[in-house]
Amino acid sequence: MSRKAFAASDAEWCYHGGELVKMGDVRLSPATHALNYGTGVFEGIRAYWNPTKGTLQVLKLREHYERFEKSCRILHVELPHTVDELCEITLEILKRNAPREDTYIRPLAYKAIESVGVNLRGDSELSVFTVPMGNYVELTGLRCSVSSWRRTADNAIPARAKCTGSYVNTALAVDAAHRAGYDDAIFLTQTGFVSEASAANIFLLRKGGLITPPATADILEGITRDAVMELAEKELGMPTDKRDVGRTELYAADEVFLTGTGFQIAPVTEIDDRKVGEGEMGPVAARLQELYFEAARGENPDYADWTVAVEVAEKARR
Ligand SMILES: Cc1ncc(COP(=O)(O)O)c(C=O)c1O
């Protein structure tokens, strides 16, 4: 299964160079530092279209910008705005573009200096753009392989920082998995414990309990991971054990599922040509998926603080 391509249109509004401009008007020099050396950090945020309310429900907006700020700090990228201002800018872009469909928001802060010196000095730039995005992967059952590419270690290229350069590691693993006929790759750490999938965190159900690798397993500390742990504890009475996970625990698990803004909650039904559980989506993943989508689309008042609503009237479109 190949992933769908989601492309931004030149006609859409974005934030670049300190103002709102059309995507098609943005020009970057090939000498841009981040383009040459991967010295940028980014976020991926989803806004879910709620046709009943006529709103886009922006999921975990503040949490994403809080993580963005921390990523910037790690890479010495100076942000020209506070978290509150970044949230406001994002809502303004959505109001202008007024998409009446599920949408992905991509904030990107990067070293913009046009110099060939490799360091973390020099000016930074901030861009925020949006693209329409439905399901990034199938949500009924993925076939995964454990990658021969290891996850970059925290003291090599930190996954925690969500920096553009570290996604070369991701691309190598995904490419190898796809060429071998799998949907996605699962990374091990340098010491051989399970880390995460290509762009998603991983959960296992074993002996009736949920397990996920800890923050020290070279993972991106996922916002969906936190959301799923909250749902599992509050709604299913299942606290998650954050502990090291061995490779063959994946084969022995009753359920495995991936979580992420893009992946949402995606069950894994086969790993390294071995069925996970019964080889189909398990009841825990199914229930969590249902609860997650309800909360993400702003349909569960108990989780009203997960989303910010943006009203998108038909007439608001260009
Ligand atoms: C490497 C990686 N791990 C995990 C995740 C999941 O993080 P989140 O739930 O915050 O989207 C992502 C991205 O979305 C990712 O790129």
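Restricting to bridges with both residues inside the stretch 142-281, how much of the DSSP beta-bridge set is antiparallel, in percent to the nearest 5?
Roughly 65 percent of the beta bridges in the stretch 142-281 run antiparallel, per DSSP.
What percent does the relative contact order of the stretch 11-139 come to when contacts are Cα pairs within less than 8 Å and at least six residues apart?
The normalised contact order for the stretch 11-139 reaches 34 percent.
Taking the alpha-carbon centroid of each part, what is the distance from the stretch 93-161 to the stretch 269-318 in angstrom?
The stretch 93-161 and the stretch 269-318 have Cα centres spaced 20 Å from each other.
Given a cut-off of under 8 Å on Cα pairs at least six residues apart, what relative contact order in percent is computed for the chain?
Once divided by the residue count of the chain, the mean separation gives 21 percent.
For Lys111, which lysines qualify as cross-link partners when the Cα separation must be under 17 Å and same-chain residues fewer than eight apart are set aside?
Counting by Cα, and skipping residues close in sequence, Lys111 has these lysines nearby: Lys70, Lys162.
Between 0 and 90 degrees, rounded to the nearest ten: what's the tilt of helix 283-296 against the longest Cα principal axis of the chain?
Relative to the chain, helix 283-296 is tipped by roughly 20 degrees.
In Å and on Cα atoms, what radius of gyration and Dmax does the stretch 142-281 show?
13.9, 40
Just how far, in whole angstrom, is the stretch 204-241 from the stretch 32-91 if you go by their alpha carbon centroids?
Using only Cα atoms to place each centre, the spacing works out to 23 Å.
Enter the angle in degrees (range 0 to 90, nearest 10) between the Cα long axis of helix 61-74 and the first principal axis of the Cα atoms of the chain, meaning the one along which they spread out most.
Result, in degrees: 80.
Rounded to whole Å and sorted largest first, what semi-axes of the equivalent ellipsoid does the C-alpha gyration tensor of the chain yield via the square root of 5 times each eigenvalue?
Semi-axis lengths for the chain are 31, 25, 17 Å.
As a test of the formula, what do you get for the chain when each DSSP H run with n ≥ 4 contributes -39,500 (n - 2.57) and the sum is divided by the residue count, at 222 nm and rounded to the nearest 500 deg cm²/dmol? Please list the in-between numbers first.
On the way: 7 runs with 81 residues, N = 318.
One gets -8000 deg cm²/dmol as the mean residue ellipticity at 222 nm.
Using Cβ contacts closer than 10 Å as the measure, can you line up Arg225, Arg106, Arg121, Arg67 from fewest to most?
Arg121, Arg106, Arg67, Arg225
Quick note: the coordinates plus some simple rules give every number you see, no bench work behind them. Because the structure is a prediction, the values reported are computed rather than measured. For neighbour counting, all protein chains shown are included, and Cβ atoms are generated from backbone atoms with ideal geometry for every residue, glycine included.
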